[in-house]
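Novice: Please see the structure below; I have some questions.
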Amino acid sequence: MDFSQLIQTRSSVRGYLKRPVEEEKLDLILEAARLAPTADNRQPFRVIVVEDQALRAAFATAYSRKWFYTAPVILVVCGVPSEAWVRSDGFDCLVTDAAIVTDHLTLQAADLGLGTCWIADFHSQAVRRVLRLPDYLVPLFLTPLGYPAAGARPRKRRSLDELVCWDEAR
Ligand SMILES: Cc1cc2nc3c(=O)[nH]c(=O)nc-3n(C[C@H](O)[C@H](O)[C@H](O)COP(=O)(O)O)c2cc1C
């Protein structure tokens, strides 16, 4: 798939097959996360791979949608605030870096025929409890990972006219 096809193809997947994710595909996805650009190349993130059935079930305390648990893998993108680059006016790049990491891994997954869905609407404390996260990690984004149970839905987007403005010379 070329890049244009890839970004056309990726969409949020909210239902998964039981089929496991192959180890080599998971490795490629994690490598895509590793290669993500981060501010000042600080790499202030860690990715936690949750495959264990009991642990995944325990995520119900953090995010209760049933479709979420149909996936064989949950990826948890955590930030490390003490490692993040912060601009002199206080702008902290931690979440930006974690978002780029998450984008890399979701796009790599789509390229491999796998589905993902960004999840930010979870209870952070519950994720901390389930994974027994150390204090230096902050869970920022979750995504299920697995083979989609259904084809992609058409995506709604604003028109380019609404989203882009050109300089007056044009
Ligand atoms: C930062 C971020 C947070 C999101 N959080 C959630 C979430 O908590 N639950 C959910 O179902 N989808 C979540 N989404 C998925 C968006 O709803 C989805 O990307 C958007 O509707 C566009 O659809 P598409 O991904 O299929 O293109 C999130 C997406 C992003 C980028």
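The values are calculated or read from the model by the stated rules, or taken from the named source; none is laboratory data. None of the values given here were measured: they were computed from a predicted structure. Neighbour counts are summed over all protein chains in view; Cβ atoms, including those assigned to glycine, are modelled from backbone coordinates with ideal geometry. What goes into the accessible areas is simple: the full protein's heavy atoms, side chains included, and nothing from ligands, DNA or RNA. Shrake-Rupley method; radii C 1.70, N 1.55, O 1.52, S 1.80 Å.
Novice: What are the residues in the range 87-109 that are near the ligand (Cβ under 10 Å from one of its atoms) and closer than 16 Å to D2 by Cα, if any?
Specialist: T106, the sole residue that qualifies.
Novice: Let me ask something else. Please determine, by comparing only the residues of the range 110-136 that are under 10 Å from the mean Cα position of the chain (by Cα) and touching a residue at least 24 places away in the same chain (Cβ under 8 Å), which one is farthest from the ligand (Cβ to nearest atom).
Specialist: T116
Novice: Sticking with this one: Quick one: V13 ticks every box in (1) of a type outside the set (S, T, N, Q); (2) open to solvent by 50 Å² or more (accessible area, probe 1.4 Å); (3) touching a Cys at 6+ places or on another chain (Cβ under 6 Å) except a single one, so which number is it?
Specialist: Of everything listed in (1) of a type outside the set (S, T, N, Q); (2) open to solvent by 50 Å² or more (accessible area, probe 1.4 Å); (3) touching a Cys at 6+ places or on another chain (Cβ under 6 Å), V13 misses just condition (2).
Novice: Listed residues T143, T70; which is among the polar types (S, T, N, Q) and within 11 Å of the ligand (Cβ to nearest atom)?
Specialist: T143
Novice: A follow-up question, please. Among the residues of the range 159-168, is there at least one that is outside any loop (DSSP other than H, G, I, E, B), hydrophobic (A, V, I, L, M, F, W, C) and over 20 Å from the mean Cα position of the chain (by Cα)?
Specialist: Yes, the conditions are met somewhere in the range 159-168.
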